[in-house]
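Visitor: Below you'll find the structure I mean.
The values are calculated or read from the model by the stated rules, or taken from the named source; none is laboratory data. Everything numeric in this text was worked out from a predicted model, so none of it was measured. Note: ideal-geometry Cβ built from the backbone for every residue, glycine included; neighbour counts use all protein chains shown.
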Amino acid sequence: MLVVLLGQLPLWGPSANEHPSSKPVLTRPVTLRLLITVKAAPSPSARYGETVCVGALGLDPPWTRWTRLYPIHFRELAADSRFRKYDIVRLQAMPAKKDVRHESWTPIVDTITTEQHLANQQSRRNLLDPLVEDSMCRLNEQTRDAPSARSIALIRVADVSSMQIKRHRGWSAEDRRKIAGYLNQLDLLEPSKPTPLQAPRFTGSYRYRCADRRCRGHQQTLWDWEFVALQRRLTQLTDAEAADQLRRKFLGQLCASDRDVAFYVGNQAARPHSFSIGGVYAPRRPTTRYRLHVNR
């Protein structure tokens, strides 16, 4: 059994975000101070070779809302600009002009600085627990009614029935063209020409119910950087052994009976009705007020 103890804060709860305010129109970059909550697995890009989409929570007014940073070519970031999940960072950014989603910003990557890593679980809970909401079903309904509705949320999990892990099919022909085109643009004399982005070995998805009483279940793909990074460390194992290790981490450990589980979800600009999981929020349970079951 899993136990959930997560509150609601009116400023950030569902009622305050059912209809997000219009996207700001700015003529110059502004400074954002953010808590990094999601670092998605890198994907092929014609311009950058590979890009990472980052989810974060704005900490300083007036930019106190869910925030999406894209594009970030993480491997090319300077050492002092690299960040990890639950780092607090500061950077300059502009609202993304070609993305109608209210949360999307274009970062100026060479302005990224890391202030601190939020290692204390209670400090994280103080910021994130009030944002957890019950209904993935309602979020789906909102985007069906208005494609420009909220595109990021932290959804409480009522129960997880399974985690499906499949062999990745490899990059598509279009993805391979993007990667090759980028590498061909680089100066042949460049001493540290990057290696091509490798496709992950596996894809993963969760089958779960949100805490909405109407919920009949959701199946969503997991695009967590950590899910792919763990695969890179399991190259000596067979497919069956590696898949078992991934399930142990992302189902057995993160969805264990002593965790309060919620999923960071976000949609795609081209497919606003399609939500996937960018990461798992799984602090250890402090009490036993709410109970939920995970079926293995």
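The rows are residues; the columns are (1) over 23 Å from ARG167 (Cα atoms); (2) surrounded by fewer than 20 Cβ atoms within 10 Å (Cβ to Cβ); (3) modelled with pLDDT under 95; (4) of a type in the set (Lys, Arg).
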| residue | (1), (2), (3), (4) |
| --- | --- |
| THR203 | no, yes, no, no |
| ARG216 | yes, yes, no, yes |
| GLN245 | no, yes, no, no |
| ALA269 | yes, yes, yes, no |
| SER276 | no, yes, no, no |
| LEU292 | yes, yes, yes, no |
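Visitor: Among the residues in the range 74-88, are any aromatic (Phe, Trp, Tyr), closer than 27 Å to ARG284 by Cα and not in a strand (DSSP E or B)?
Guide: The first filter runs over the range 74-88 and keeps only residues aromatic (Phe, Trp, Tyr), leaving 74, 83, 86.
Those left that are additionally closer than 27 Å to ARG284 by Cα: 83, 86.
If we keep only those that are not in a strand (DSSP E or B) as well, we get 83, 86.
Looking for residues that are aromatic (Phe, Trp, Tyr), closer than 27 Å to ARG284 by Cα and not in a strand (DSSP E or B), one finds at least one in the range 74-88, hence yes.
Visitor: Please verify whether GLN253 is surrounded by fewer than 20 Cβ atoms within 10 Å (Cβ to Cβ), at pLDDT 95 or above and over 26 Å from SER123 (Cβ atoms), treating the condition exactly as stated. Give the derivation first.
Guide: Numbers: surrounded by fewer than 20 Cβ atoms within 10 Å (Cβ to Cβ): yes; at pLDDT 95 or above: yes; over 26 Å from SER123 (Cβ atoms): no.
Here the answer is no, as GLN253 does not meet what is asked.
A quick yes/no check of all residues on (1) more than 18 Å from TYR264 (Cβ to Cβ); (2) modelled with pLDDT of 95 or more; (3) in contact with a Ser or Thr (Cβ under 7 Å, 6 or more places away or on another chain):
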residue: LEU59; (1), (2), (3): no, yes, no
residue: PHE74; (1), (2), (3): no, no, no
residue: ALA79; (1), (2), (3): yes, no, no
residue: ARG82; (1), (2), (3): yes, no, no
residue: ALA93; (1), (2), (3): yes, yes, yes
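Visitor: Next question, about the same structure. Test ALA78 against the stated conditions and say whether it is of a type in the set (A, V, I, L, M) and buried (at least 23 other Cβ atoms within 10 Å of the Cβ).
Guide: No: the conditions fail for ALA78.
Visitor: Suppose we filter LEU188, LEU131 for residues that are assigned by TED's automatic domain parsing to the domain that holds PHE202 and at pLDDT 95 or above; which single one remains?
Guide: On the way: LEU188 fails: at pLDDT 95 or above.
Result: LEU131 is the single residue among LEU188, LEU131 that is assigned by TED's automatic domain parsing to the domain that holds PHE202 and at pLDDT 95 or above.
Visitor: Is it the case, given these coordinates, that ARG207 is surrounded by 13 or more Cβ atoms within 10 Å (Cβ to Cβ), among the basic types (Lys, Arg), in contact with a Ser or Thr (Cβ under 6 Å, 6 or more places away or on another chain) and under 23 Å from VAL132 (Cα atoms)? Lay out the reasoning, then the answer.
Guide: Working: surrounded by 13 or more Cβ atoms within 10 Å (Cβ to Cβ): yes; among the basic types (Lys, Arg): yes; in contact with a Ser or Thr (Cβ under 6 Å, 6 or more places away or on another chain): yes; under 23 Å from VAL132 (Cα atoms): yes.
Taking the combined requirement at face value, the residue satisfies it.
Visitor: Can you pull out the residues in the range 102-127 that are within 19 Å of the chain's Cα centre (by Cα), surrounded by 12 or more Cβ atoms within 10 Å (Cβ to Cβ) and outside any helix (DSSP H, G or I)? Can you show your working first?
Guide: Let us first name the residues in the range 102-127 that are within 19 Å of the chain's Cα centre (by Cα), namely 102-107, 109, 112, 114, 117-119, 121, 124-125, 127.
Those still in the list that are surrounded by 12 or more Cβ atoms within 10 Å (Cβ to Cβ) too: 102-107, 109, 112, 114, 117-118, 121, 124-125, 127.
Correct list: HIS102, GLU103, SER104, TRP105, THR106, PRO107, VAL109, ILE112, THR114, HIS117, LEU118.
Visitor: Take LYS97 and decide whether it is at pLDDT 95 or above, assigned to a loop (DSSP other than H, G, I, E, B) and of a type in the set (Lys, Arg).
Guide: Values: at pLDDT 95 or above: no; assigned to a loop (DSSP other than H, G, I, E, B): yes; of a type in the set (Lys, Arg): yes.
For LYS97, the condition - at pLDDT 95 or above, assigned to a loop (DSSP other than H, G, I, E, B) and of a type in the set (Lys, Arg) - is not met.
Visitor: Okay, next question. For the range 128-157: of the residues being crowded, with 22+ Cβ neighbours inside 10 Å and of a type in the set (Gly, Ala, Ser), which is farthest from ARG247 (Cα to Cα)?
Guide: Checking each candidate, the answer is SER151.
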